[in-house]
Each structure stands twice: as structure tokens, then as C-alpha cells.
Amino acid sequence: MSEHCIIIGASHAAAQLAGSLRQEGWEGRISIVGDEPYLPYHRPPLSKAFFVGEKSEDELLIRSAEFYDKNNIDLLLGSAVTHIDRDAKKITLKDGAEISYTKLALTTGARVRKIPFTGSELAGVFYMRDLNDVKQTHKFTGPGKSAVIIGGGYIGLETAASLRKIGMNVTVIEAMERVLQRVTAPEVSAFYSRIHREEGVDIRTQAGVEAIVGDQHVEGVRLADGSTIPADLVIIGVGVIPNIELAEAAGLNIDNGIVVDEFATTNDPDIVAAGDCSNHYNPIYKRKLRLESVQNATDQAKIAAKSLCGKPQAYSALPWFWSDQYDLKLQIAGLSQGFDQVIIRGNSEEGRSFAAFYFSEGRFIAVDAINRPKEFMMSKRALSSGQTADPLKLADESIEMKDVFN
Ligand SMILES: Cc1cc2nc3c(=O)[nH]c(=O)nc-3n(C[C@H](O)[C@H](O)[C@H](O)COP(=O)(O)OP(=O)(O)OC[C@H]3O[C@@H](n4cnc5c(N)ncnc54)[C@H](O)[C@@H]3O)c2cc1C
């Protein structure tokens with residue numbers, strides 16, 4: 001049988017993997033099978049520029065239709081894969097069709113975590129992951145209307161900023177003590193709460209949702225304290241879970257994601273996995289990670305393509321991420337989980353620009369840089385090459401960034 005690589009899932013990791021396969025010299029057939037009806041598109045603008053109408057649907061595309069055509073990449077869109085038969089090396093589609101493969105790539109990503117609130121089936125209640133969801137929300141947005149966002153993570157806060165931009169009244173409900181609690185230091189959370197409040201967002205922390213209320217259409221969100229916040233639109237952003245069921249049923253190893261080695265290969269040597277669905281060992285942080293970022297989807301997909309082409313290269317990229325809210329460009333390099341010291345450069349209590357450097361047992365592990373591109377770039381370089389920094393120098397803005405790392 002001639003070589004055929006099937007890529008399951010059609011998003012960031014898939015688009016990169018298919019292109020990288022050709023670059024690495026894969027001469028066989030390539031098919032991308034995706035359950036969404038769209039060409040692979042950028043998800044980050046869904047809560048940002050696309051949400052406020054500053055980007056069109058066409059501008060979301062990761063690659064143009066011509067790219068797939070030119071590189072002889074078949075696209076089977078609107079088709080969910082329901083089964084993988086590893087012995088027969090075949091996949092089955094929802095309509096029962098079977099397709100044979102010689103190599104398989106799993107880029108199935110993640111889906112939103114759903115919380116069964118009473119009333120979550122009402123019109124005007126949305127989760128934020130897919131283009132279809134976001135297109136639907138547009139019917140419920142408009143100046144003067146009210147929105148309640150459940151979840152004060154990055155996506156919730158980005159959506160809040162976007163809705164303020166179009167003149168809506170916005171309330172963010174966060175169950176924990178502070179917004180972004182799982183991912184940042186208290187100083188960074190306090191900064192974002194301050195900015196959102198200055199921009200007119202009502203931020204409620206340690207607030208529990210009891211029910212979403214309304215008659216057919218959402219009318220409000222009732223909190224545990226008995227109060228009800230009026231809403232024409234409710235957006236729930238409380239995290240995602242990896243799409244592992246297909247891999248699990250096929251007998252692949254699963255542990256908070258599809259387990260892959262440093263070459264993005266699963267326990268089946270003919271099957272790779274990359275992106276939000278995969279769990280891999282990171283040599284910089286010396287632990288297993290499942291990341292939810294465009295950087296990881298893209299970089300790991302390149303590694304997976306190399307493995308499929310018989311040119312294995314270990315994955316060792318530094319994780320990085322960004323979040324845009326109002327005029328604030330947050331750039332994150334590294335992973336701050338497990339930090340025991342935070343150094344602030346600049347003033348987080350006033351203004352709109354500072355950087356938070358995270359340390360663990362004296363080792364520099366991550367930075368959150370807000371409107372501080374130089375701090376981000378230099379930290380990224382230092383983290384990638386294992387350099388550390390003197391915390392006292394970092395805190396002193398009279399010392400240039402280039403003189404801080406050693
Ligand atoms: C609103 C929003 C804002 C974001 N902002 C940022 C940001 O600012 N910066 C950043 O780095 N990251 C951001 N992210 C995260 C980023 O988009 C993800 O990390 C990235 O999309 C992961 O890409 P992926 O290819 O691994 O998976 P996904 O993008 O999740 O794609 C997986 C695809 O596979 C499909 N699929 C699953 N199972 C099957 C099946 N059985 N058959 C066929 N198809 C299947 C899914 O439907 C989906 O289309 C954001 C995400 C969202 C939703």
C-alpha cells in the first residue's frame with residue numbers, strides 16, 4: 001500500500017503538521033479529517049479581534065485553501081472520526097466510511113468543560129471554543145446590552161474586554177479569591193482586576209453561580225447570595241478538557257492527555273499526537289505537561305512531522321503564551337506553577353505596564369510581561385538557555401535588562 005498519513009482534527013496542530021510533512025519530504029498522501037466545517041482557523045481571535053468585528057472569517061484562516069491544494073493535502077471537513085482500528089490500520093468516519101492509513105496523527109485538541117447549571121440550555125448562553133459558537137453570540141451583543149461571564153481566566157477576561165469595547169455592560173463571576181488565580185501571582189491578578197474595573201467591568205470574586213435564569217431566552221444569572229445579575233448574554237469560560245476518547249478506545253496510553261514521548265510519538269510507533277490533546281515530558285521543567293497554547297500546537301506538530309518522516313528530533317521548546325485585553329499585551333514565557341518568589345519590575349498598582357518574574361528555589365522559571373516586549377524577549381532567551389537572574393537587579397529599573405541575566 002502506498003503511504004497515507006491521516007491527521008485527525010483540523011486546527012492549529014493539524015495545519016502545521018500537514019505543511020511540515022511536505023517540508024520534511026513526505027511524498028505520500030496526506031489527509032486532514034476535521035469535525036468542524038471550516039478550514040483550520042486561528043482560535044485566539046475568537047475572544048479578541050474577531051469577537052468585536054475587527055477581523056473577518058477569512059482573516060482567521062491559518063492557511064488559504066490554495067495552500068492545501070498546492071501541497072496536495074486532502075481536506076475532509078465536517079467529518080468526525082469515530083473509531084481507530086490499529087490492527088487493520090483504518091479509521092471509521094461518522095457516516096460509516098472507512099479509510100486506511102500507514103501513519104496517523106492525532107491533533108484532536110480540547111473541548112470546553114461544561115458545567116450543568118440550571119438554565120444553561122437557554123438561548124443566549126454560550127461557551128467559547130469554536131467559530132460556530134462565537135458566530136452565534138453576535139446575535140446577542142450590542143451597545144447597552146448586558147453580559148455575564150462565568151469564569152475569570154484568560155478567555156473570560158479577554159471576552160469581557162471585547163464586550164466593553166462594543167459598549168456592553170459586563171460582569172465577570174469568579175468562584176476563586178482572585179481572577180487568573182491558577183495561572184498568575186496575586187500582583188498580576190490584582191492588576192487585571194483594577195484595569196477591568198477602571199474599564200467599567202463589574203468583577204465579582206468568591207462568587208458562586210446558583211442558576212442561569214430566564215424563559216427561553218436568558219434574563220440573568222442568580223448567584224449563591226440570592227442576587228440576580230441581568231444578562232442578555234452569558235458566556236461560560238471555565239476551562240477545557242482534552243479530546244482523548246478516540247485514542248483511549250484505540251488502546252493508546254492516556255494520562256491527562258494522549259501520552260507521547262519527546263518525539264511526539266504515542267505507544268504505537270505509527271501514531272503521533274500534538275497540541276492541546278497531548279501530554280509530553282518537558283526537559284526544561286523536568287515534568288510532564290499538557291499545554292493549551294498555539295506555541296505548543298505549532299512546535300510539537302513540527303516535531304511530530306519529523307518523526308513521521310524518519311527524522312526524529314526531541315521536543316524541547318520553551319512554552320510561551322499571550323493574552324490581549326484592551327491596550328494590554330500580556331506575553332508569558334515559561335511556566336510559573338510552583339513559584340515561591342515573585343519580583344515586580346515597574347509598578348503593578350498604577351499604570352498599564354510592568355513585568356512579574358517568577359522564581360522557584362532561586363531559579364528563574366517564568367515571566368508575565370505586560371506591555372513590556374523587551375522584558376519578554378530577554379526572559380524568553382534566558383529561560384531557553386537556562387540562565388538565571390539576580391532578583392534584586394530585576395526589581396531595579398535603573399539596571400538594563402541586558403545586565404540582569406547571568
Ligand atoms: C477563545 C480562545 C482564545 C485563545 N487565545 C489564545 C491565545 O491568546 N494564545 C494562545 O497561545 N492560545 C490561545 N488559545 C488556545 C489555542 O487556541 C489552543 O491551544 C489551540 O487551538 C490548540 O490547537 P490544537 O490544534 O491542539 O487543537 P484545537 O484547536 O482544539 O483543534 C482540535 C480540532 O480537532 C477536532 N476534533 C476533535 N475530535 C475529533 C474527531 N474525533 N474527529 C474529527 N475532528 C475532531 C476539534 O473539533 C477541533 O476542530 C485560545 C483558545 C480559545 C478557544
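The values are calculated or read from the model by the stated rules, or taken from the named source; none is laboratory data. What you see is a predicted model, and the numbers here were worked out from it, not measured in a lab. No Cβ is skipped: glycine too gets one built from the backbone with ideal geometry, and neighbour counts run over all protein chains shown.
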(message) What are the pairs with Cβ atoms under 6 angstrom where one residue, in the stretch 73-86, is over 12 Å from Ile6 (Cβ atoms) and the other, located anywhere, is within 9 Å of the ligand (Cβ to nearest atom) and in a strand (DSSP E or B)? Sequence gap at least six, or different chains.
(response) Leu77/Gly34
(request) Kindly provide the set of residues from the stretch 315-363 that are within 22 Å of Pro45 (Cα to Cα) and β-branched (Val, Ile, Thr), ordered by number. (result) Ile332
(request) Spot the failing condition for Gln181; the list is (1) within 16 Å of the ligand (Cβ to nearest atom); (2) under 17 Å from the mean Cα position of the chain (by Cα); (3) surrounded by fewer than 20 Cβ atoms within 10 Å (Cβ to Cβ); (4) at pLDDT 95 or above, and only one is missed. (result) (1)
(request) Tell me which residues, restricted to the stretch 200-222, are under 27 Å from the mean Cα position of the chain (by Cα) and part of a loop (DSSP other than H, G, I, E, B). (result) Gly200, Val201, Thr205, Gln206, Ala207, Gly208
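Looking for something away from the ligand (no atom under 12 Å from the Cβ) and either assigned to a loop (DSSP other than H, G, I, E, B) or outside the structural domain of Asn253 (by TED's automatic domain parsing) (or both) - is there at least one such residue anywhere in the stretch 66-74? Lay out the reasoning, then the answer.
Residues of the stretch 66-74 away from the ligand (no atom under 12 Å from the Cβ): 66-74.
With either assigned to a loop (DSSP other than H, G, I, E, B) or outside the structural domain of Asn253 (by TED's automatic domain parsing) (or both) added as a condition, the list becomes 71-72.
Looking through the stretch 66-74, at least one residue is away from the ligand (no atom under 12 Å from the Cβ) and either assigned to a loop (DSSP other than H, G, I, E, B) or outside the structural domain of Asn253 (by TED's automatic domain parsing) (or both).
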(request) Please name all residue pairs, on different chains or six or more residues apart, with Cβ atoms under 6 Å, provided the first residue is in the stretch 313-329 and is within 19 Å of Ala366 (Cβ to Cβ) and near the ligand (Cβ under 10 Å from one of its atoms) and the second residue is assigned to a strand (DSSP E or B) and among the aliphatic types (A, V, I, L, M). (result) Trp320/Ala333; Phe321/Ile332; Ser323/Leu330
(request) Among the numbered conditions (1) buried (at least 23 other Cβ atoms within 10 Å of the Cβ); (2) more than 10 Å from the ligand (Cβ to nearest atom); (3) outside the structural domain of Phe364 (by TED's automatic domain parsing), tell me where Asp276 comes up short. (result) (2)
(request) Determine which single condition His42 fails, assuming it passes every other condition in (1) under 30 Å from Ala160 (Cα atoms); (2) more than 7 Å from the ligand (Cβ to nearest atom); (3) out of contact with any Asp or Glu (no Cβ under 9 Å at 6 or more places or on another chain). (result) (3)
(request) Taking the options Gly351, Gly338, name whichever one is closer than 19 Å to Val188 by Cα, within 24 Å of the chain's Cα centre (by Cα) and surrounded by fewer than 13 Cβ atoms within 10 Å (Cβ to Cβ). (result) Gly338
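Quick check on Leu21: is it more than 9 Å from the ligand (Cβ to nearest atom), modelled with pLDDT of 95 or more and not in a loop (DSSP other than H, G, I, E, B)? Show your work before the answer.
Values: more than 9 Å from the ligand (Cβ to nearest atom): yes; modelled with pLDDT of 95 or more: yes; not in a loop (DSSP other than H, G, I, E, B): yes.
Answer is yes for this residue.
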(request) Return only the number of the condition from (1) among the hydrophobic types (A, V, I, L, M, F, W, C); (2) within 12 Å of the ligand (Cβ to nearest atom); (3) not in a loop (DSSP other than H, G, I, E, B) that Ala49 does not satisfy. (result) (3)
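One line per residue, one yes/no per condition, for (1) without any contact (Cβ under 8 Å) to a residue 24 or more places away in the chain; (2) under 30 Å from Ser120 (Cα atoms); (3) surrounded by fewer than 16 Cβ atoms within 10 Å (Cβ to Cβ):
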{"site": "Val213", "(1), (2), (3)": "no, yes, no"}
{"site": "Gly251", "(1), (2), (3)": "no, no, yes"}
{"site": "Phe263", "(1), (2), (3)": "no, no, no"}
{"site": "Pro269", "(1), (2), (3)": "yes, no, yes"}
{"site": "Arg287", "(1), (2), (3)": "yes, no, yes"}
{"site": "Arg290", "(1), (2), (3)": "no, yes, no"}
(request) With the condition kept exactly as written, say whether any residue in the stretch 184-199 is in a loop (DSSP other than H, G, I, E, B), over 21 Å from the mean Cα position of the chain (by Cα) and not hydrophobic (A, V, I, L, M, F, W, C). (result) yes
